[in-house]
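What follows is a set of notes on a single structure, which appears directly below.
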Amino acid sequence: MQRRHLITAWALSPWAAAAADPASTPEFAALEQRVGGRLGFFAVDTGSGRTLAHRADERFATASAFKILLAARVAQGVEQRRWRWEDEVPLRDSERVPHSPAFDRWLPRGRATLAELCAGIVIESDNPCANVLLRHCCESPAGLTAWLRAQGDTVTRLDRWETELNANAPGDERDTSSPRAFATTLQHLLLGPGLTRPSQARLWADLQASRTGLKRLRAGVPAQGWRVLDKTGTGMRGAVNDVALVFPPEGRAPWVVAALQSDSTAGTDALSDVHAQAMRWLVKAWA
């Protein structure tokens, strides 16, 4: 990414742009009716500043999408020399919770580096690795929330550990964010001044390596010339999410997209297709 894009992305940050959002398109409401749930969507073109929003300020459970924010917190700590990427953290069998592909690889040796743990949570969405990083770098989920407040995010919160944070009970604000808040924080950290370029490049590479979102936002862009770096999250009661940096062709400035869902009883494939269709409409509108 060219340096001018980083500057433009921050200068056009949507933190104060709520009143300027255009009305959401009827297509989003049609998608909600198709699956019987809520779709929260916020996209910002960091080159022009234009936005597209639907339920952008409603709360949704983040599920594993929070893991890219946790990885960014670790990266910032490395920048501040609080720890190093090569620092090793002990792993214990008692920390194992469901969905532990990376944790299980490293458990026999009893330790993993911060770099390995971050790759595990971003690329493979590993749950015990996330808990280990929360303890080591944040002390608790509330510690990540406090760090987010220091980044200017007054909405996103983490309250519980994996896997309890995926419960998504009706009316429960724990472990939630809004599409606007999540996208704005993602823009700040991965495109703006929240992290240095080397840290951003590391997290971009991990996002690119992930394959959990192939049927979600990535599926909605044309095959040629487009690049999508995304982090998914999947929880109870239709919490099927994807947050992404979308790079249009010909060196255009990236878009930041947050798509969060809840309350549907449809299957994961059907809800993933909602992301893909929403992305197709965005591409049609902006490309």
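From the set of residues in the stretch 161-182 that are among the hydrophobic types (A, V, I, L, M, F, W, C) and under 13 Å from Ala130 (Cα atoms), which is surrounded by the most Cβ atoms within 10 Å (Cβ to Cβ)?
For the stretch 161-182, the residue satisfying everything is Leu165.
State yes or no: is Gly49 at pLDDT 95 or above, farther than 25 Å from Gly251 by Cβ and over 17 Å from the mean Cα position of the chain (by Cα)?
no
Looking at (1) closer than 24 Å to Pro26 by Cα; (2) in contact with a strand residue (DSSP E or B) (Cβ under 9 Å, 6 or more places away or on another chain); (3) modelled with pLDDT of 95 or more, can you tell me which one Ala285 breaks?
In the conditions (1) closer than 24 Å to Pro26 by Cα; (2) in contact with a strand residue (DSSP E or B) (Cβ under 9 Å, 6 or more places away or on another chain); (3) modelled with pLDDT of 95 or more, Ala285 misses (3) alone.
Working carefully through the options Leu186, Leu207, Leu190, find the one that is touching a Leu at 6+ places or on another chain (Cβ under 8 Å) and over 25 Å from Glu58 (Cα atoms).
After ruling out the rest, the residue left standing is Leu207.
Just need a number here: residues in the stretch 69-123 that are under 27 Å from Thr176 (Cβ atoms), assigned to a loop (DSSP other than H, G, I, E, B) and open to solvent by 20 Å² or more (accessible area, probe 1.4 Å).
Matching residues across the stretch 69-123 total 4.
Leu158 is checked against (1) open to solvent by 10 Å² or more (accessible area, probe 1.4 Å); (2) in a loop (DSSP other than H, G, I, E, B) and fails just one. What number does that condition carry?
(1)
List the residue pairs whose Cβ atoms are under 9 Å apart, where the first residue sits in the stretch 101-114 and is farther than 13 Å from Val132 by Cα, the second is surrounded by 15 or more Cβ atoms within 10 Å (Cβ to Cβ) and among the hydroxyl-bearing types (Ser, Thr, Tyr), and the two are 6 or more positions apart or on different chains.
Close Cβ pairs satisfying both conditions: Pro101/Ser125.
Can you confirm whether the stretch 238-250 contains a residue that is open to solvent by 20 Å² or more (accessible area, probe 1.4 Å), among the aromatic types (Phe, Trp, Tyr) and under 21 Å from Ala56 (Cα atoms)?
Checking the stretch 238-250: not a single residue is open to solvent by 20 Å² or more (accessible area, probe 1.4 Å), among the aromatic types (Phe, Trp, Tyr) and under 21 Å from Ala56 (Cα atoms).
Checking Glu32 against (1) of a type in the set (D, E, K, R); (2) crowded, with 16+ Cβ neighbours inside 10 Å; (3) not in a helix (DSSP H, G or I), which single condition isn't satisfied?
Against the list (1) of a type in the set (D, E, K, R); (2) crowded, with 16+ Cβ neighbours inside 10 Å; (3) not in a helix (DSSP H, G or I), Glu32 comes up short only on (3).
Any idea which of (1) open to solvent by 10 Å² or more (accessible area, probe 1.4 Å); (2) part of a helix (DSSP H, G or I); (3) in contact with a Phe, Trp or Tyr (Cβ under 8 Å, 6 or more places away or on another chain); (4) not aromatic (Phe, Trp, Tyr) is the one Gly152 doesn't satisfy?
All conditions are met except number (2).
The values are calculated or read from the model by the stated rules, or taken from the named source; none is laboratory data. Fair warning: this is a prediction, and the values are worked out from it, not measured in the lab. Cβ sites come from the backbone with ideal geometry, for glycine too, and all protein chains shown count toward neighbours. Note: areas computed on protein heavy atoms with side chains; ligands, DNA, RNA excluded. Shrake-Rupley method; radii C 1.70, N 1.55, O 1.52, S 1.80 Å.
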